[in-house]
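Okay, so here's the structure we're looking at.
The values are calculated or read from the model by the stated rules, or taken from the named source; none is laboratory data. From a predicted model like this one, the values you see are computed outputs, not experimental measurements. A quick note on method: Cβ atoms are made from the backbone with ideal geometry, for glycine too, and the neighbour counts reach across all protein chains shown.
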Amino acid sequence: MISRETLLKIARYGQMAPSGDNLQDWRFSLKENSIDLIGEFFSHPFNLSHRASFPGYGAVLENMSIAAQEFGFEMIEDLFPAGGGRDLIASLRFLELAEKKPHPLFPFIEKRAVNRRNYSRKELPSQIRKELIQTAQNSGLGQLFIADVSLAKKYAAKAAFYGSQVMMERKDVHDALFNSIRWTQRDAEKTRDGLYIKTLELRIQEPAFRLLSSWGLTKALNFLGLSRFAAFQDYRLCLGSSALGLIQIPNDSPKAVLEGGKLFERFWLKLTSLGLSLQPETALIFFLYMLRDNPSQFTPSQRKCLTQGLKMLKEAFSLENERGILMFFRFGYAAQEPSARSLRKEI
Ligand SMILES: Cc1cc2nc3c(=O)[nH]c(=O)nc-3n(C[C@H](O)[C@H](O)[C@H](O)COP(=O)(O)O)c2cc1C
C-alpha cells in the first residue's frame, strides 16, 4: 500500500520534467493507490500529432519511476490504457519493493535544467562518451548519436542554423514563442509556467529581443538578414559545445515518441550527474515533421533550408534513414550555471 503523501511526492518529481516552452501540458489524477497521467496537449505549430508533447510525457514518467524506486516502490505503467480516452497517457500503480535501494539518478532530477549559456569546447573524455552511449543502449528505447569531431560538429551546427533561420521567418512560431515568454520574475511566479526571460541568457540582447515581439518588425528585419544573423548565433553556440547529440527512435508512433522521451530524460539526468549541461535544438526536427505533413506551408527557400538541414543532420550523425528523429541537442561543459531556473506549477 502506498500513502497519498508518497503518491504526491512521486508526482512532484514528475512535474520537474522538461516540456516544450515549459508549458507543463499534463496533469496528474491521484487515486487511492495509483496515479493517472493526463495529457493536455499544448497548442503550438510544433505540436503536430502531439509530437512535442509526448517526449515531455516520457520524461515525466521517467522521473516518476526513478522517484518511486527511491521511495521503495516499483512503478508499473499501463500506457494508453484501453477505454481511457485520448487524453489518458498512463495509469500508474506502485508495488512495494522488498528492499529500498536509492536510485543513482534521483538526486539529479531537481538539479537538471536547460543551460542556454556558452559552453567550452573541451573534448568529451572517452570514458564519459562510452557511459553515455551505454545509457542509451541499455535502455532499449532508442539510439543515441554523438557528433564530437570537428567536421561532424560543423555539419550538426549547420543543421541547427537552418532550423533557427526558418523559426525566425514564421509568424505562427514567432507568436507562439512570444506568448510563452514571461517578461518579469513576477509574471513567471504568477503562472509558474512558460519561458522566464532570464533563462534565455540574452543579456545585452534582451532589449532588442523585446522589440522583436512585434512580428511586423521581425518580418521587416528579416529582409535585412535578421533570421540569418540569429541563426548564426545558434550555429556559434553549437560549434562551441563539446558535442551535439541526436536521439532516434524505431518509429514515429506516440508510444515510441513517449518512450524516446524517457530515454532523453535519462540521458539528460546522466549528463547532469557527470557535470555536463544540455540545450535542446529542436526547431529543425519539428519543421521536418511539418514539412512531411504539408510542404506547401513553407516558402520554396524555407523548403530548401529544411532539406539542407536534414542533409546536414544525416551527415553529422551518419544516419541511415530519417525516420524517428526525436531529439537534437548540444551538450558540454558550461563555465557557469544557468542565470535562472524555470518554475513549475503546483500539482
Ligand atoms: C520536446 C521538447 C523540445 C524542446 N525544445 C527546446 C529548444 O528547441 N530549445 C531550447 O532552448 N529548449 C527546448 N526545450 C527545453 C524546454 O524549454 C525546457 O525543458 C523548459 O523550459 C523547462 O526548463 P528546464 O528544463 O530548465 O526545467 C525543449 C523541451 C522539450 C521537452
Residues (among the acidic types (Asp, Glu) and in contact with a Ser or Thr (Cβ under 9 Å, 6 or more places away or on another chain)) located in the stretch 302-347:
337
Among the residues of the stretch 244-257, is there at least one that is surrounded by fewer than 21 Cβ atoms within 10 Å (Cβ to Cβ), over 26 Å from residue 13 (Cβ atoms) and charged (D, E, K, R)?
yes
What number of residues in the stretch 213-225 are within 18 Å of residue 166 (Cβ to Cβ) and touching a residue at least 24 places away in the same chain (Cβ under 8 Å)?
4
Yes/no for residue 290 being closer than 18 Å to residue 52 by Cα and buried (at least 19 other Cβ atoms within 10 Å of the Cβ):
yes
Output for the stretch 167-184, where each listed residue is in a helix (DSSP H, G or I) and under 19 Å from residue 342 (Cα atoms):
176, 177, 178, 179, 180
Tell me, yes or no, whether the stretch 283-298 has at least one residue that is in contact with a helix residue (DSSP H, G or I) (Cβ under 7 Å, 6 or more places away or on another chain) and among the β-branched types (Val, Ile, Thr).
no
Of the candidates 38, 76, the one satisfying the condition of being among the β-branched types (Val, Ile, Thr), in contact (Cβ under 8 Å) with a residue 12 or more places away in the chain and either assigned by TED's automatic domain parsing to the domain that holds residue 286 or closer than 30 Å to residue 200 by Cα (or both) is 38
Looking for whichever is polar (S, T, N, Q) and farther than 28 Å from residue 150 by Cβ here; the options are 279, 233, 308, 302. Which one fits?
302
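Conditions tested, residue by residue: (1) out of contact with any strand residue (DSSP E or B) (no Cβ under 6 Å at 6 or more places or on another chain); (2) β-branched (Val, Ile, Thr); (3) crowded, with 19+ Cβ neighbours inside 10 Å.
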site	(1), (2), (3)
140	yes, no, no
162	yes, no, yes
181	no, yes, no
186	yes, no, no
194	no, no, yes
Among the candidates 42, 28, which residue alone is farther than 23 Å from residue 141 by Cα, of a type in the set (Phe, Trp, Tyr), at pLDDT 95 or above and in a loop (DSSP other than H, G, I, E, B)?
42
Candidate set from the stretch 319-347 (those that are surrounded by fewer than 14 Cβ atoms within 10 Å (Cβ to Cβ), more than 15 Å from the ligand (Cβ to nearest atom) and not acidic (Asp, Glu)); member that is farthest from residue 184 (Cα to Cα)
321
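Residues are listed down the side, and each one gets a yes or a no for (1) more than 16 Å from the ligand (Cβ to nearest atom); (2) hydrophobic (A, V, I, L, M, F, W, C):
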residue	(1), (2)
107	no, no
113	no, yes
116	no, no
120	yes, no
133	yes, yes
136	yes, yes
141	no, yes
146	yes, yes
Filter the helices (runs of 4 or more DSSP H) completely within the stretch 185-284 down to those with at least 3 residues that are aromatic (Phe, Trp, Tyr), within 13 Å of the ligand (Cβ to nearest atom) and assigned by TED's automatic domain parsing to the domain that holds residue 64.
none
Answer yes or no: is there a residue in the stretch 67-90 that is under 21 Å from the mean Cα position of the chain (by Cα) and part of a helix (DSSP H, G or I).
yes
Yes/no for residue 102 being within 16 Å of the ligand (Cβ to nearest atom), touching an Asp or Glu at 6+ places or on another chain (Cβ under 9 Å) and either at pLDDT 95 or above or not polar (S, T, N, Q) (or both):
no
Residues in the stretch 4-15: is at least one within 16 Å of the ligand (Cβ to nearest atom), crowded, with 21+ Cβ neighbours inside 10 Å, modelled with pLDDT of 95 or more and within 20 Å of residue 326 (Cα to Cα)?
no
